[in-house]
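Note sheet for the following structure.
The values are calculated or read from the model by the stated rules, or taken from the named source; none is laboratory data. None of the values given here were measured: they were computed from a predicted structure. Cβ: placed from backbone, ideal geometry, glycine included. Neighbour counts: every protein chain shown. Accessible surface areas use protein heavy atoms only, side chains included; no ligands, DNA or RNA. Shrake-Rupley method; radii C 1.70, N 1.55, O 1.52, S 1.80 Å.
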Amino acid sequence: MLVANHVSWIDIFAINAVLPVRFVAKSEVRSWPLLGWLSERVGTVFIRRARRHDTGRVNTLVREGLAAGDVFAVFPEGTTTDGSAVLPFHASLLAPALEARAAIQPIAIRYERPDGSRCTEAAYDGERSLWDSLVAITGEDVTHVHLWFLEPIQVIDRQRRHIASEAREAIVATLSIAPRCTRTETAADLPVAAR
């Protein structure tokens, strides 16, 4: 199972260009013109996020796929960012990998301009519509996408929360991004800038 940070709807095409995989995506993607149809054709499993118990159905489908030899990719942040931070990972989507005893392979994704700066135009976050995202992306002369396939994480006799944390930390370290505050951190845990 591949786990990656999530910046854009382009992420699925970038990963599929390197390695054909199946994805878990929010059900709204299925209704997107052309992109939804393409996603379904490559075997994407759509999750209805508004229904909390839909995770069980999706996990069963993913576990069965992994057991049959399919490779799945998930975005455990649960949403996209502009690429400047990696949100905490939701461990529930990693459960099928543990049940199937499949290794977890973290992937770090970064979009850059030719000068090496982060390309926020590639991001599909905030209030940006799919159309706005498409216009921003196509307005760039060149956008480079970098995918780092990191060291696989073994899952045997491990808890999914620890695996999710380890995968996230590996991605953050690769992207050299300061991790965003999680619910377990307090103000006293955060670095203080020199005055």
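When restricted to residues that are assigned to a loop (DSSP other than H, G, I, E, B) and either hydroxyl-bearing (Ser, Thr, Tyr) or under 22 Å from Ala17 (Cα atoms) (or both), the range 37-54 contains 3. Scanning the range 151-188 for residues that are under 18 Å from Ala85 (Cβ atoms), modelled with pLDDT of 90 or more and open to solvent by less than 30 Å² (accessible area, probe 1.4 Å) turns up Ala164, Ala167, Arg168, Ile171, Val172, Leu175. Right, Gly78: within 25 Å of Pro33 (Cβ to Cβ), exposed (fewer than 13 other Cβ atoms within 10 Å of the Cβ) and not aromatic (Phe, Trp, Tyr) or not? Spelling it out, it is not the case that Gly78 is within 25 Å of Pro33 (Cβ to Cβ), exposed (fewer than 13 other Cβ atoms within 10 Å of the Cβ) and not aromatic (Phe, Trp, Tyr).
Tell me which residues, restricted to the range 99-110, are in contact with a strand residue (DSSP E or B) (Cβ under 9 Å, 6 or more places away or on another chain) and open to solvent by 10 Å² or more (accessible area, probe 1.4 Å).
Going through the range 99-110, the residues in contact with a strand residue (DSSP E or B) (Cβ under 9 Å, 6 or more places away or on another chain) turn out to be 102-110.
Within the range 99-110, Ala102, Ala103, Gln105, Arg110 qualify.
Considering (1) out of contact with any Pro (no Cβ under 9 Å at 6 or more places or on another chain); (2) under 16 Å from Ala4 (Cβ atoms), the lone condition that Ala103 does not fulfil carries the number (1).
Looking only at the range 112-130, decide whether some residue is outside any strand (DSSP E or B), polar (S, T, N, Q), farther than 23 Å from Thr44 by Cα and open to solvent by 30 Å² or more (accessible area, probe 1.4 Å). So that I can check it myself, show each step before the final result.
The initial filter retains those residues of the range 112-130 that are outside any strand (DSSP E or B), namely 113-117, 119-130.
Narrowing further to those that are polar (S, T, N, Q): 117, 120, 129.
With the extra rule that they be farther than 23 Å from Thr44 by Cα, the set shrinks to 117, 120.
Of the ones still in play, those that are also open to solvent by 30 Å² or more (accessible area, probe 1.4 Å) are 117, 120.
Yes; the residues of the range 112-130 include at least one that is outside any strand (DSSP E or B), polar (S, T, N, Q), farther than 23 Å from Thr44 by Cα and open to solvent by 30 Å² or more (accessible area, probe 1.4 Å).
Being surrounded by 14 or more Cβ atoms within 10 Å (Cβ to Cβ), of a type in the set (D, E, K, R) and touching a Ser or Thr at 6+ places or on another chain (Cβ under 8 Å): is that true of Arg30 here? Quick ask: steps written out before the conclusion?
On the way: surrounded by 14 or more Cβ atoms within 10 Å (Cβ to Cβ): yes; of a type in the set (D, E, K, R): yes; touching a Ser or Thr at 6+ places or on another chain (Cβ under 8 Å): yes.
The answer is yes for Arg30.
Scanning the range 138-150 for residues that are surrounded by 13 or more Cβ atoms within 10 Å (Cβ to Cβ) and in a loop (DSSP other than H, G, I, E, B) returns Glu140, Thr143, Leu150. Of the residues making up the range 55-90, those that are assigned to a helix (DSSP H, G or I) and among the aliphatic types (A, V, I, L, M) are Val58, Leu61, Val62, Leu66, Ala67.
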